[in-house]
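Novice: Structure provided below as structure tokens; questions to follow.
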Amino acid sequence: MGYKVTFNNKNKIFFNALKAEVDAYFERNGIKKTGNWKLYLKTMILIPSAIGIYSLLMFVQMPTLLSIFLWFLFGLNMAAIGFNIMHDACHGSFSTKGWINNMPFLRQCSTQPLKPMHRFQSAYMFVLYGFTSLFMFFMDYIKYFSKKVYTTALKPMDFKEHFMFWVGKLFFIAFYIVLPIMLIGWKWWLAGFIISQFTLGLTLAIVFQLAHVVEHAEFDSAGVDPVKIENEWAIHQVKTTANFAFSNKLVTWFVGGLNYQIEHHLFPRISHIHYPAISKIVKETCEKFDLNYIYFPTTRSAIASHVRFMHNMGIGKSA
């Protein structure tokens, strides 16, 4: 039987007050909570650019260094598509129409067993992050056939969901493995595949780690037995999540607003296009309820905090 986490939501004072303010913002400005032209413009930029880079790599002979750069750029492009398009679509916020649970090589909270190798994790963790994409690809099969994520059972899949799962996997194999090997040979494919997938995995991992695995963010452990968290759900989200680099427009554009993770956790069905505006409401409401709104002014400061946190976890020191 899988563990169950529940929250004390009898008096959702904080979230009720916050939701009322956010709803009033959208009603007052007469806008929808889903994506707008800014998000659709991103789609028209990111998808064609990915197709363009892929086509160049497959059909145009070029110097080795340029090829390496394009494989790297392709990995970044795919990460941007994941952040901006796929992520909003998965939460139903693209239009009106999880993470790895068990990674023993990294100690990310004080409740995990401390192993000798963890002493060096702040040095080797970025290498492991690079394999996140490939790890998740294979983990998909484990989840699919075991019908559970860690200890939590998946809901039964209908024919459409089974069909989409296998279509997606076959597409990946055909366009990322079979076709490139046929067109450019297995050596060039292998080099390019490793570069692009490592870039993709590293980018994904760093952005999502900065949301929780940093200083000041709290952590509640859950094992096999049911756990009751005394805070209401929304307060728990604020205390365990961090934001970063609001002033950097390029970062916000590239990561699809995932530098506004607090807002995303509180309102996952609101498109990330609106996060900069509602973040002011969230921060003000947090101040009214004396909640710490965790924010790092730059990406560099957030990464530095993540490295310090992981170093402390690796040597058994409280973060």
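The values are calculated or read from the model by the stated rules, or taken from the named source; none is laboratory data. Given the structure is predicted, the values throughout are model-derived calculations rather than measurements. So basically every Cβ, Gly included, is an ideal-geometry build from the backbone, and we count neighbours across all protein chains shown. The protein model used for the area step is the full one, side chains on, heavy atoms only, and it has no ligands, DNA or RNA in it. Shrake-Rupley method; radii C 1.70, N 1.55, O 1.52, S 1.80 Å.
Novice: Name the single residue that is most open to solvent (accessible area, probe 1.4 Å) among those in segment 222-252 being modelled with pLDDT of 90 or more and aliphatic (A, V, I, L, M).
Specialist: Leu250
Novice: If you check Ile278 against the conditions, is it of a type in the set (Val, Ile, Thr), under 17 Å from Phe219 (Cβ atoms) and open to solvent by less than 50 Å² (accessible area, probe 1.4 Å)?
Specialist: It is false that Ile278 is of a type in the set (Val, Ile, Thr), under 17 Å from Phe219 (Cβ atoms) and open to solvent by less than 50 Å² (accessible area, probe 1.4 Å).
Novice: Would you say Arg300 is in a helix (DSSP H, G or I), modelled with pLDDT of 95 or more and closer than 27 Å to Arg119 by Cβ?
Specialist: yes
Novice: Among the candidates Phe219, Phe208, Phe198, which residue alone is crowded, with 20+ Cβ neighbours inside 10 Å, under 20 Å from the mean Cα position of the chain (by Cα) and among the aromatic types (Phe, Trp, Tyr)?
Specialist: When all the criteria are applied, what remains is Phe198.
Novice: If I ask for residues that are open to solvent by 70 Å² or more (accessible area, probe 1.4 Å) and of a type in the set (Gly, Ala, Ser), which ones from segment 146-169 would you list?
Specialist: Within segment 146-169, Ala153 is the sole residue that qualifies.
Novice: Select, from Leu39, Leu18, the only residue that is in contact with a helix residue (DSSP H, G or I) (Cβ under 7 Å, 6 or more places away or on another chain), modelled with pLDDT under 90 and part of a helix (DSSP H, G or I).
Specialist: Residue meeting the stated conditions: Leu39.
Novice: Is it true that Ala174 is at pLDDT 85 or above, open to solvent by less than 50 Å² (accessible area, probe 1.4 Å) and closer than 23 Å to Phe83 by Cβ?
Specialist: no
Novice: Taking Phe135 as meeting all but one of (1) at pLDDT below 90; (2) of a type in the set (A, V, I, L, M, F, W, C); (3) exposed (fewer than 12 other Cβ atoms within 10 Å of the Cβ); (4) closer than 21 Å to Leu190 by Cα, write down the number of the exception.
Specialist: (3)
Novice: Of the numbered conditions (1) over 16 Å from the mean Cα position of the chain (by Cα); (2) closer than 17 Å to Val214 by Cβ, Tyr129 fails exactly one; give the number of that condition.
Specialist: Result: Tyr129 fails condition (1) only.
Novice: Among the residues of segment 241-269, what is the count of those that are over 15 Å from the mean Cα position of the chain (by Cα), within 18 Å of Tyr293 (Cα to Cα) and among the polar types (S, T, N, Q)?
Specialist: 1
Novice: Next question. Being over 17 Å from the mean Cα position of the chain (by Cα) and not in a helix (DSSP H, G or I) is the filter here, so list the residues in segment 270-294 that pass it.
Specialist: Across segment 270-294, the qualifying residues are Phe289, Asp290, Leu291, Asn292, Tyr293, Ile294.
Novice: Let me ask another. Name the single residue, out of those in segment 33-70 being closer than 23 Å to Phe83 by Cβ and among the small types (Gly, Ala, Ser), that is surrounded by the most Cβ atoms within 10 Å (Cβ to Cβ).
Specialist: Gly35
Novice: So how many residues does segment 248-263 have that are under 8 Å from Phe83 (Cα atoms) and among the aliphatic types (A, V, I, L, M)?
Specialist: Residues flagged as under 8 Å from Phe83 (Cα atoms) and among the aliphatic types (A, V, I, L, M) within segment 248-263 amount to 2.
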